[in-house]
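Working notes, beginning with the structure itself.
We did not get these values from a lab; they are worked out from the coordinates using the rules stated. Quantities reported herein were computed from a predicted structural model and do not represent experimental measurements. All Cβ positions, glycine included, derive from the backbone under ideal geometry; neighbour counts span all protein chains shown.
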Amino acid sequence: MAIVYLGVGSNVGDRAANIEKALTLIKSHPEMEVAAVSELIETDPEGGPPQDRFLNGAVKIKTDLLPVELLSQLKIIERRLGRVKAESNGPRTMDLDILFYDDVVIEGKNLVIPHPRAALRSFVLKPLAQIAPDLVHPRLQQTIKDLCEKVLQTQGA
């Protein structure tokens with residue numbers, strides 16, 4: 001089974017309930033097993049139009065789904081929870097991103113793993129550092145803990 005780390009986020013409606021519903025759908029999926037869930041953190045949106053603050057977290061799952069199959073299943077969950085892709089980086093009821101899939105590196109048209117901006121975003125790294133501080137970024141060869149500390153120092157957080 002592959003070890004996968006997902007980013008979860010919501011900034012529309014009852015954000016915590018949206019994330020809980022997403023976790024319930026992931027847990028009930030026959031080909032996904034939730035191994036760990038971070039605490040949720042509230043963050044300002046980055047990029048996109050003016051919008052409400054996000055709740056963000058990270059989830060560790062185990063799966064036999066291939067990366068593209070997993071992406072498809074996550075998109076189904078997003079749509080079930082009311083996600084409508086109206087504009088890039090716009091408000092969303094649910095955002096599920098594959099951050100890391102084992103130590104796989106994929107550069108596809110519709111799928112890039114590791115997530116291309118994961119190492120630059122505190123809202124990804126802070127929750128991920130709670131559940132996988134020693135995970136090594138396969139491109140950068142640095143731990144999540146080290147990347148998180150670097151980003152927080154840069155942002156003065």
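Classified by the C-alpha gyration tensor, the chain has a rounded form. Its axis ratio a/c, with a ≥ b ≥ c, is below 1.5.
Among rounded, prolate and oblate, which fits the range 1-49 when a ≥ b ≥ c are the square roots of the eigenvalues of its C-alpha gyration tensor, a/c under 1.5 means rounded, and a/b larger than b/c means prolate?
Because a/c hits 1.5 or more and a/b exceeds b/c, the range 1-49 counts as prolate.
Using the Cβ of residue 107 as centre and a radius below 15 Å, the other residues enclosed give a net charge of +2, where K and R count +1 and D and E count -1.
What shape does the range 84-157 have by the C-alpha gyration tensor, where a ≥ b ≥ c are the square roots of the eigenvalues, rounded means a/c under 1.5, and otherwise prolate means a/b greater than b/c and oblate the rest? It comes out oblate by the Cα gyration axes. With springs only between Cα atoms under 10 Å apart, run a GNM on the chain and tell me which of 24, 63, 93 wobbles the most. Maximum among the listed residues: 24. Calculated mean residue ellipticity at 222 nm for the chain: -10000 deg cm²/dmol, from DSSP H runs with n ≥ 4 weighted as -39500 (n - 2.57), summed, divided by the residue count and rounded to 500. A DSSP coil position with no more than 15 other Cβ atoms inside 10 Å describes the following trypsin sites (Lys or Arg not before Pro) in the range 73-110: 85, 109. Summarising the label geometry, the points placed 7 Å from Cα in the beta-carbon direction at residue 88 and residue 153 lie 3.2 nm from one another. Here the range 2-113 is assigned +1 on the Cβ of each Lys and Arg and -1 on the Cβ of each Asp and Glu. Its dipole about the Cα centre then comes out at about 400 debye. Run the quick spin-label model on residue 134 and residue 51: label points 7 Å from Cα toward the beta carbon, then report their separation in nm to one decimal. So the label points at residue 134 and residue 51 sit 3.6 nm apart.
Applying a DSSP loop filter and a limit of 13 other Cβ atoms within 10 Å to the GluC sites (Glu not before Pro) in the range 71-132 leaves 87. One Cα centroid belongs to the range 14-34, the other to the range 138-157; the line between them spans 28 Å.
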